[in-house]
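*Asks:* Here it is: the structure, laid out below.
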Ligand SMILES: Nc1ncnc2c1ncn2[C@@H]1O[C@H](COP(=O)(O)OP(=O)(O)OP(=O)(O)O)[C@@H](O)[C@H]1O
Ligand SMILES: [Mg+2]
């Protein structure tokens, strides 16, 4: 049985259904990310697990504990759930030292002075904050403040860490570094992580599995590799990396890009065409080759050098396809026609 279970949970705010009949099962020690655009329900889901938000339907269980149940009208308050939590804003207490910031929640739990000191010191050590124990967290950088929040969560020895965009206020370099620190801590302590982000590369780097969410629903739950290689929908495809969506229309036996007389030289699965006879051929700019044996023909409108890569805008019918190649392999110049070969084509209904 899975360790964390969200069974059919729903949360409504007025006539907005923020989370709609969501079922999620997460294993012990798993790092699970919730990824999706603003307003899709990530924070609401996390807050329901934390116990800050009521649930309108369903139940939440962790291990053999029931945390929330609509049917049984049961609700365990956040402080009894014993989860570690880190949120986006630097939630440090400015008037307490770094040490006290970490020790304070332990004091609220009436632990002995020895236990508090040893747990706090250990958490400081694990987050490289030992030398900063006595200063104010306000004298630390953004990364340092988030480390304090992380240490505070760690000191509770949680089985589950709830992290809501914990790195989004940090600069990109630090953000990347802290990803690895979080991952290392997880390996060391074995807690499960429920991680909220709208940064796909962060989700990819950290997670065992990712849920891509849209308007309170699951679009796909899968490993990072499968989310990238086998996106279940056009929405998931568009959310991960750069994407081209070439609209095509079936005419007789041929499939043509809109505005083009040339047929697409690739077999299209019949079931992607709805009644409109239209579908979408999805591709990544970096997964298109130039060549005379291409699947469609196009005209180079623009070629831009971006350092390591060259970015091409290719006109196909009445649409544009973006292609990216390394600067080392020469491609066609503006005004030239070329063939485009889709190395990993995906087809979706229009
Ligand atoms: N307390 C609230 N009262 C009313 N509506 C709310 C409340 N909290 C969330 N919502 C609404 O629920 C939906 C989901 O919000 P949520 O904060 O869970 O999204 P999110 O995926 O975390 O977005 P973001 O990436 O912007 O943080 C949104 O439409 C939001 O406006
Ligand atoms: Mg949010």
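*Asks:* Please report the Cα spread of segment 151-200 along all three principal axes, rounded to whole Å, starting with the longest.
*Replies:* 28, 19, 17
*Asks:* In vacuo Debye scattering of segment 280-350, one point per C-alpha: log10 I(q)/I(0) at q = 0.25, 0.26 Å⁻¹?
*Replies:* Summing over Cα pairs of segment 280-350 leads to -1.19, -1.27.
*Asks:* Turning to a different aspect of this structure: Give me the number: length gained by fully extending residue 289 to residue 125, i.e. 0.36 nm times residue separation minus the C-alpha to C-alpha distance, one decimal in nm.
*Replies:* Extending this stretch completely gives an extra 54.1 nm.
*Asks:* Let me ask something else about it. Can you give the helix-only mean residue ellipticity at 222 nm for the chain, where every DSSP H stretch with n ≥ 4 adds -39500 (n - 2.57) and the sum goes over all residues, rounded to the nearest 500 deg cm²/dmol?
*Replies:* -7500 deg cm²/dmol
*Asks:* What are the extents of the Cα atoms of segment 196-293 along their three principal axes, listed from largest to smallest and rounded to whole Å?
*Replies:* Taking max minus min along each principal axis of the Cα atoms, segment 196-293 gives 45, 33, 19 Å.
*Asks:* If the chain between residue 17 and residue 64 were fully stretched, how many nm would it gain, using 0.36 nm times the residue separation less the Cα-Cα distance?
*Replies:* Stretched fully, the residue 17-residue 64 segment lengthens by 14.1 nm.
*Asks:* For residue 275 and residue 232, what is the calculated FRET efficiency with R₀ set at 30 Å and r taken between the beta-carbons, to the nearest 0.05?
*Replies:* In this case the efficiency is close to 0.85.
*Asks:* So for segment 157-241, averaging the separation of alpha carbon pairs under 8 Å that are six or more residues apart and normalising by length, what relative contact order in percent results?
*Replies:* Reported relative contact order: 23 percent.
*Asks:* Among 93, 347, what is the fewest-to-most ranking by other Cβ atoms within 10 Å?
*Replies:* Going from least to most buried by this count: 93, 347.
*Asks:* Let me ask you something else. Take every Cα pair under 8 Å in segment 3-91 that's 6+ residues apart, average their separations, divide by the length, and report that relative contact order as a whole percent.
*Replies:* 27
*Asks:* Using the beta-carbon distance between residue 138 and residue 176 and R0 = 22 Å, what value does 1/(1 + (r/R0)^6) give for FRET efficiency, to the nearest 0.05?
*Replies:* My answer for the efficiency is 0.35.
*Asks:* Quick check: the distance between the Cα centres of segment 54-124 and segment 319-336, to the nearest angstrom?
*Replies:* Here the two parts' Cα centres lie 53 Å apart.
*Asks:* Where does each of 337, 45, 127 land when they are ranked from fewest to most other beta-carbon atoms within 10 angstrom?
*Replies:* By the 10 Å Cβ count, ascending: 337, 127, 45.
*Asks:* Here's another thing I want to ask about it. Once you've got the GNM for the chain with C-alpha springs shorter than 10 Å, pick whichever of 42, 28, 250 has the biggest mean-square fluctuation.
*Replies:* The residue that fluctuates most here is 250.
*Asks:* To continue, here is another question. For a quick check: sort 240, 102 by the number of other beta carbons within 10 angstrom, fewest at the front.
*Replies:* In order of increasing Cβ crowding within 10 Å: 240, 102.
*Asks:* Once a ≥ b ≥ c are taken as the square roots of the eigenvalues of the Cα gyration tensor of segment 45-140, is the result rounded (a/c under 1.5), prolate (a/b larger than b/c) or oblate (a/b not larger than b/c)?
*Replies:* The shape class here is prolate.
*Asks:* Using r as the Cβ-Cβ distance of residue 217 and residue 311, and R0 as 25 Å, what FRET efficiency do you calculate, to the nearest 0.05?
*Replies:* E(calc), rounded to 0.05, equals 0.15.
*Asks:* Follow-up. Which of these, 159, 253, 293, has the largest mean-square fluctuation under a Gaussian network model of the chain (Cα springs below 10 Å)?
*Replies:* Looking only at 159, 253, 293, the largest GNM fluctuation is found for 253.
*Asks:* Take the Cα atoms of segment 26-90, build their convex hull, and give its volume per residue in Å³.
*Replies:* Convex hull volume per residue, Cα atoms: 116 Å³.
*Asks:* Also, quick follow-up: Rounded, prolate or oblate, given the Cα gyration tensor of segment 259-314, with a/c below 1.5 counting as rounded?
*Replies:* Here segment 259-314 falls in the prolate category.
*Asks:* Any chance you could tell me what percent of the C-alpha pair distances in segment 4-235 go past 23 Å?
*Replies:* So the pairs more than 23 Å apart make up 49 percent of the total in segment 4-235.
*Asks:* Between segment 2-43 and segment 293-314, how many Å separate their Cα centres?
*Replies:* Each part reduced to its Cα centre gives a spacing of 40 Å.
Values quoted throughout were computed directly from the atomic coordinates according to the rules given, and no laboratory measurement underlies them. Predicted, not measured: the structure shown is a model, and the values here were computed from it. Cβ: placed from backbone, ideal geometry, glycine included. Neighbour counts: every protein chain shown.
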